[in-house]
């Protein structure tokens, strides 16, 4: 890709607070834009839902960085964390998926529902005590990140004392204060997972990681890098993404009291509400970067081989050509399809598990805390300064009616 310093860089401070306004403006101008990222790298930003959906399933758009022209210069992980399903093209991807999917069968996941609901209730008990004692509490640290961390920690038998440290390293990796913090966080994650795999290989247990170590398919098995990378992906995606849908979703519900009242009156609407929240407030703004293995036409633009393509999920979810009145949050929306959990061969392996967690979290919070309210105006909330992840830094809440103008 030829460097072009005159390309627009649309990801400014206003974008981080309200990315959807940026995507709407860009999409109205053209379905595909050649832009610079904050780090100076150049990408083709795809904004129309039909193009994003097609791109997610297009085998010519490789997720393998080996296909990047002039070498990939963006965010990278060590090989032992990078050999996961997100970065592997069809042949190897399907091989790993067959090995791993045995631990994510519908029966296995449904069997965790009671455990998840029990964890939600226990966390709600502790959350209630903190609300009574402190008045205002950050929902993210007191509930939203605790539920998925506990669940995924149990799933992989991560020692309880290490779970929050791992979650903290992931947060730093995704939202670092400096390049030094980023490097240090990745190093800690890498070392931790190497040790975790080694410990579980030495002493197997009744957990998912032990099953992955033992998994075989016609004599095939996961390599060491594949094991560590899959453990990383399950821990990161299973905790990071879910906690931000919980916090962002609760903010949406509190900002739409009419919808919240309907949902509280009819809990049977929760499955549909979860799908609408995944469309409306999914923290993942972009699918993982892709590289054309040949020139590819997208939205009337020919993208050269080896350039970087970003398929914008957030823009697709607010595309009026696909979703009627897309900026309206509506738990009665009949078309509940979205791309928050992927499409094509990269569809999220843990989608069913994520849905059960979200259903349990929102159901518990709505039922247990009918007077829950924001402790500050929603306009004062701080968001991550990341074009990849639209996520709250904290969500202060309290019991009682809001009192600001």
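One residue stands out in the stretch 102-131 among those that are closer than 18 Å to residue 237 by Cβ and at pLDDT 75 or above: the one that is surrounded by the most Cβ atoms within 10 Å (Cβ to Cβ), namely 116.
Among the residues of the stretch 377-392, the one identified as over 19 Å from residue 170 (Cβ atoms) and either surrounded by 15 or more Cβ atoms within 10 Å (Cβ to Cβ) or in contact with a strand residue (DSSP E or B) (Cβ under 7 Å, 6 or more places away or on another chain) (or both) is 381. Only one of the listed residues (187, 180, 153, 168) is surrounded by 15 or more Cβ atoms within 10 Å (Cβ to Cβ) and in a helix (DSSP H, G or I). That residue is 153. For the stretch 124-143, enumerate the residues that are more than 15 Å from residue 362 (Cα to Cα), in contact with a helix residue (DSSP H, G or I) (Cβ under 6 Å, 6 or more places away or on another chain) and free of Cβ contacts under 8 Å to residues at least 24 places away in the same chain. Once the filter is applied, which keeps residues that are more than 15 Å from residue 362 (Cα to Cα), in contact with a helix residue (DSSP H, G or I) (Cβ under 6 Å, 6 or more places away or on another chain) and free of Cβ contacts under 8 Å to residues at least 24 places away in the same chain, the stretch 124-143 yields only 130. Within the stretch 107-123, one or more residues are farther than 30 Å from residue 399 by Cα, touching a residue at least 24 places away in the same chain (Cβ under 8 Å) and part of a loop (DSSP other than H, G, I, E, B).
Whether a residue is modelled with pLDDT of 95 or more, part of a helix (DSSP H, G or I) and surrounded by 15 or more Cβ atoms within 10 Å (Cβ to Cβ) was assessed, and residue 52 passes this test. When 374, 395, 349 are checked against the criterion of being crowded, with 18+ Cβ neighbours inside 10 Å, at pLDDT 95 or above and closer than 30 Å to residue 115 by Cβ, a single residue qualifies: 395. The single condition among (1) assigned to a loop (DSSP other than H, G, I, E, B); (2) surrounded by 20 or more Cβ atoms within 10 Å (Cβ to Cβ); (3) over 19 Å from the mean Cα position of the chain (by Cα) that residue 364 does not satisfy is (1).
The values are calculated or read from the model by the stated rules, or taken from the named source; none is laboratory data. For clarity, every value in this text was computed on a predicted model and none was experimentally measured. As a convention, Cβ positions derive from the backbone with ideal geometry for all residues, glycine included, and neighbour counts pool all protein chains shown.
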